[in-house]
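Note sheet for the following structure.
The values are calculated or read from the model by the stated rules, or taken from the named source; none is laboratory data. Just so you know, these numbers come straight off a predicted model, no measurement behind them. Glycine gets a Cβ as well: all are built from the backbone with ideal geometry, and neighbour counts include every protein chain shown.
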Amino acid sequence: MGTSKQLLSQEELAIDKTLADVRFLVMARSFQSAAKRMGELRRHLEAHLDTEGRLVPIFINRTGDPGLLALRLHKEHEKIPRRIESACNAITQWDSSRALYELERLSEALSAHHETEDELLHPVLDDLVPDDLDWESLRFQLITH
């Protein structure tokens, strides 16, 4: 068992590994496989962003949002899907240079997002959710309530 921050770190490692896989596939000019991996990453990130979006009202209710987390997350939640879309477009057009550039921009956006989570969201989540946090279960619970 670990804290939600530790579990999210595992999630971050999985995302980083997927991005590394996609970069490798693009450099190997295996665009169909790269597109498939990007599709998997897109679905994962969309679910994660949706869950976070559902947690924000709980966070604001508990804290009053002194660090303006809601505004920062809103901006990041708009930027990340755009970065994903740009990377996917470059991959489907078999444009290696542009795909690698867009993947780097996506990686930077995700890094900034993880910093926001670490700085503002995790301290509240650690006492809001159990140590054995399962994001899929949490997402299901938030959707059904």
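Output the residue which, of all residues in segment 1-33 that are surrounded by 16 or more Cβ atoms within 10 Å (Cβ to Cβ), hydrophobic (A, V, I, L, M, F, W, C) and at pLDDT 75 or above, is nearest to the chain's Cα centre (by Cα).
Checking each candidate, the answer is 15.
Yes/no per residue for (1) modelled with pLDDT under 95; (2) exposed (fewer than 15 other Cβ atoms within 10 Å of the Cβ); (3) closer than 24 Å to residue 10 by Cα:
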site: 60; (1), (2), (3): yes, yes, no
site: 99; (1), (2), (3): no, no, no
site: 117; (1), (2), (3): yes, no, yes
site: 124; (1), (2), (3): yes, no, yes
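Tell me, which residue of segment 28-57 that is among the basic types (Lys, Arg) and free of Cβ contacts under 8 Å to residues at least 40 places away in the same chain is nearest to residue 117 (Cα to Cα)?
Only one residue fits best here, namely 43.
Being surrounded by 17 or more Cβ atoms within 10 Å (Cβ to Cβ), in contact with a Gly (Cβ under 8 Å, 6 or more places away or on another chain) and closer than 15 Å to residue 115 by Cα is the requirement here; does residue 69 meet it?
no
Which one of the conditions (1) of a type in the set (D, E, K, R); (2) under 23 Å from residue 118 (Cβ atoms); (3) surrounded by 16 or more Cβ atoms within 10 Å (Cβ to Cβ) does residue 82 fail to meet, given that it meets all the rest?
With (1) of a type in the set (D, E, K, R); (2) under 23 Å from residue 118 (Cβ atoms); (3) surrounded by 16 or more Cβ atoms within 10 Å (Cβ to Cβ) applied to residue 82, the lone miss is (3).
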